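Note sheet for the following structure.
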Amino acid sequence: MPKYDRILIVGDFNIHVCCPDMPMARGFLNLIDSFNLVQCVAGPTHERGHTLDLVLSHGFPSFNIEICDAVFSDHSPVLFEVPLVCASVKPRAVAQCRRVFNSSTAEHFSTVFNQICQIPDFLCSQTDDLSSWFYSTCRTALDTVAPLKTRRPKTKCEPWLNEMTRAVRRDCRRAERKWKKDKLQVSFQMLKDCWRQYQRTVKEAKRKHFSDIILSNCHNPRVLFKTINSVLSAPYADSIEPSLEACENLLLFFIEKVSSTRAQICPCAHDPSVVVSCSAVFDRFEPVTLSSLQETVGHLKPAGSPNDAVPPRLLKEVIPTVGPLVLELVNHSLRSGVVPKDFKHAVVKPLIKKPALDPQDLANYRPISKLPFLSKILEKVVHSQILAFLEKQNVLEVFQSGFKPFHSTESALLKVFNDIYLATDAGDCVVLVLLDLTAAFDTVDHAVLFSRLEHWVGISGTALEWFRSYLAGRTFCVSLGDYVSSSAPLLCGVPQGSVLGPLLFSLYLLPLGSILRKHGIAFHLYADDCQIYVPLKKKGRNLIQPLLQCLDDIKAWMSVNFLKFNDKKTEVMIFGSPTETPNVFVDSLAQFVKPTVTNLGVKVDCDLKFEHQIKAVVKSGFFHLRQLAKIKPILSRQHFETVIHAFVTTRLDYCNALYIGVSASCISHLQRVQNAAAHLLTGTRKFEHMSPCFSFTSLAAHFF
């Protein structure tokens, strides 16, 4: 099964899948689901009213199943049509304006930049003027080195094709022409030899191409995923047809989405938070040195905006040349408390949330904000100084795991469920409430944020003015292809895609912790995901009141701070001892109680058996093994093992500490995925003994 993109299995299985509560049927349905198979027959196929004849599919769209009357058998015939997908003709690429870079561009740019770089004296007093001059000078140098050219994009050739493979291919064409001309057997044999040599050469070049990528990015899963997915996944239409009208429609949609969310927030005059006085003050930024600036630029990812005067990759190469001017621009901004206007414009690229969604529905798009690379350099300098102050003064929320080094969703879940296990082992029940906020990053009020920075964090003086300038006058536009919408102001929210945005949002939420501590409620945050939990004695009616009062205060605080609390997505779970069903009176929270919820990517059930989570992991594991089997021939065993670890083992390992105490039957499903991975890696057959497979790999022989 791992070898095929599309699978169709039909026949009489003699299992009553119409009775999912029966042990055999339940186990069978779980099995086919773990292999990503879909059971398409919905009605009875036997004269006694049971569904026995099944159509199992993978990779096909839904079938129109027709169950006919039985004629010569006690089973009814099942009819359906299998759709055949024909390759669509790609439209001709539209001509685009692009710059052409090569290996000598950086050196040529540095030479030209040094020749034209002369800072007028009057620019040294205004940050905006200095920024505009720097952008203009860089564009002038870039126009000289790599001018814009209108070209129609060529069909991309495979990245592993090189001069050697092309030379061997030319030999094949030459041998083919010779055979067509003389029709001799010796010429035909020469042609076959050339084609075999070409296939060997391409295979070796392909293996070397992917091996180099895997070797250089073995600790960078994002690059591995992108590279492997580019080979395995078929391209899809990920956007609507680019046009100026589409850009304007998306711009209006994104604006109205935030405006409508803020309009739905009910006003509240009562602020239940407890104000905490600041013991220290941060009133100015320290200037940075050229060496520290170059180190900062070296660690930044080369991601910027289409409006950048110099592409980020080129800027990182020429930083020894432009570094002194970038340093002057950064330090001038830190001294004056003014952020250049050129740094505050974002270009939004709409990205469809899932490939299967309708590209014509604007609600299916996620705005990906692209900010200038120079802005990220400045923000990174500010971030490092602010973070050092916050850590020294212990300002950051202890139970906020988002945007912190050495913290993750897994560490957050381990903390929460460790507390839940301790409480249930002591004989108590635990009520867990998962709170949901709507577009929390986009509705942050700037005036409230400035107050938070001043009174809760201790930022004042030039530093506070810098943050006021940073958030004031921000604009954005929407870009699709070569079309760009008009610009619109950003009147609220923290900048998406920025370096400082996550930190500012976590500081915005600081009073939330004081409210929860005031009521004695345990909590944990991951970005805007908030989970609160409290142990309760069984059969108590008034024990839930502190939690309800705390929730009322949280709602009031969120209204005051322009955060939209989403009641419809609030979820509640009640955990008890494994031996008896928890009986807790939760009053108005009863309508939100769910038997299963998804908490930070983990499917949790009230019995803490994690059956749904393990089922999802097994399903995902087999899917990726099926995909990875396609690229096994082009990778060495060592590199294929690295890919298996990146795509499969990491999924088995995610939050596996929560599986302590889970039944052996559930763990056996995870072991099945691990065994399949070892079989695929070593090339052994299904029923061969597993010990030799694991002895030659770094895969664990047992999951636990």
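The values are calculated or read from the model by the stated rules, or taken from the named source; none is laboratory data. Source: prediction; values computed, not measured. Don't worry about glycine lacking a Cβ; one is built from the backbone with ideal geometry, like all the others, and counts go over all protein chains shown.
If you check Lys178, Lys203 for being touching a Pro at 6+ places or on another chain (Cβ under 8 Å), charged (D, E, K, R) and part of a helix (DSSP H, G or I), only one passes: Lys203. Can you confirm whether Val395 is modelled with pLDDT of 95 or more, out of contact with any strand residue (DSSP E or B) (no Cβ under 9 Å at 6 or more places or on another chain) and over 30 Å from Leu480 (Cα atoms)? For Val395, the condition - modelled with pLDDT of 95 or more, out of contact with any strand residue (DSSP E or B) (no Cβ under 9 Å at 6 or more places or on another chain) and over 30 Å from Leu480 (Cα atoms) - is not met. Within segment 38-59, is even one residue over 22 Å from Ser620 (Cβ atoms), at pLDDT below 85, surrounded by 15 or more Cβ atoms within 10 Å (Cβ to Cβ) and not β-branched (Val, Ile, Thr)? No, segment 38-59 contains no residue that is over 22 Å from Ser620 (Cβ atoms), at pLDDT below 85, surrounded by 15 or more Cβ atoms within 10 Å (Cβ to Cβ) and not β-branched (Val, Ile, Thr).
Conditions tested, residue by residue: (1) more than 30 Å from Lys630 (Cβ to Cβ); (2) at pLDDT 90 or above; (3) part of a helix (DSSP H, G or I).
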| site | (1), (2), (3) |
| --- | --- |
| Ile214 | no, no, yes |
| Cys218 | no, no, no |
| Arg222 | no, no, yes |
| Lys226 | no, no, yes |
| Ser230 | no, no, yes |
| Pro242 | yes, no, no |
| Leu250 | yes, yes, yes |
| Phe254 | yes, yes, yes |
| Ser259 | yes, yes, yes |
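Elements of the type strands (runs of 3 or more DSSP E) sitting completely within segment 440-542 and holding at least 3 residues that are of a type in the set (Ser, Thr, Tyr), more than 30 Å from Tyr421 (Cα to Cα) and touching a strand residue (DSSP E or B) at 6+ places or on another chain (Cβ under 8 Å): there are none.
Kindly indicate whether any position in segment 389-404 is more than 23 Å from Ser514 (Cβ to Cβ) and not acidic (Asp, Glu). The answer is no, given that none of the residues of segment 389-404 is more than 23 Å from Ser514 (Cβ to Cβ) and not acidic (Asp, Glu). Restricting segment 393-420 to residues that are over 26 Å from the mean Cα position of the chain (by Cα) and without any contact (Cβ under 8 Å) to a residue 40 or more places away in the chain, the residue that is surrounded by the most Cβ atoms within 10 Å (Cβ to Cβ) is Asn418. Out of Lys149, Lys154, I need the residue that is under 33 Å from the mean Cα position of the chain (by Cα), modelled with pLDDT under 90 and exposed (fewer than 15 other Cβ atoms within 10 Å of the Cβ). Which one? Of the residues listed, the single one that is under 33 Å from the mean Cα position of the chain (by Cα), modelled with pLDDT under 90 and exposed (fewer than 15 other Cβ atoms within 10 Å of the Cβ) is Lys154. Among Leu224, Leu215, which is the only one that is of a type in the set (A, V, I, L, M), touching a residue at least 12 places away in the same chain (Cβ under 8 Å) and surrounded by 14 or more Cβ atoms within 10 Å (Cβ to Cβ)? Every option except Leu224 fails the conditions. Applying the selection to segment 22-50, what residues are within 28 Å of Arg672 (Cα to Cα) and either assigned to a loop (DSSP other than H, G, I, E, B) or in contact (Cβ under 8 Å) with a residue 60 or more places away in the chain (or both)? Residues satisfying the conditions are Met22, Asn30, Asp33, Ser34, Phe35, Asn36, Leu37, Cys40, Val41. Residues in segment 60-79 that are at pLDDT 85 or above, surrounded by fewer than 16 Cβ atoms within 10 Å (Cβ to Cβ) and closer than 26 Å to Arg26 by Cα: Ile65, Glu66, Asp74, His75, Pro77, Leu79. If you go through segment 263-278 and keep only what is surrounded by 14 or more Cβ atoms within 10 Å (Cβ to Cβ) and either among the aromatic types (Phe, Trp, Tyr) or at pLDDT 80 or above (or both), you end up with Ile265, Asp271, Pro272, Ser273. Scanning segment 378-408 for residues being outside any helix (DSSP H, G or I), within 17 Å of Val276 (Cβ to Cβ) and not aliphatic (A, V, I, L, M) gives a total of 4. How many residues are at pLDDT below 90, assigned to a loop (DSSP other than H, G, I, E, B) and within 18 Å of Thr650 (Cα to Cα) when one looks only at segment 600-633? Number satisfying all stated conditions: 1.
Of all the residues in segment 10-31, those that are surrounded by fewer than 15 Cβ atoms within 10 Å (Cβ to Cβ) and not polar (S, T, N, Q) number 12. The set of residues in segment 298-315 being outside any helix (DSSP H, G or I) and touching a helix residue (DSSP H, G or I) at 6+ places or on another chain (Cβ under 9 Å) consists of Leu300, Lys301, Pro302, Ala303, Gly304, Ser305, Asn307, Asp308, Ala309, Val310, Pro311.
Exactly one residue among Val499, Val586, Val534 is crowded, with 19+ Cβ neighbours inside 10 Å, closer than 30 Å to Leu374 by Cα and among the β-branched types (Val, Ile, Thr), and that residue is Val499.
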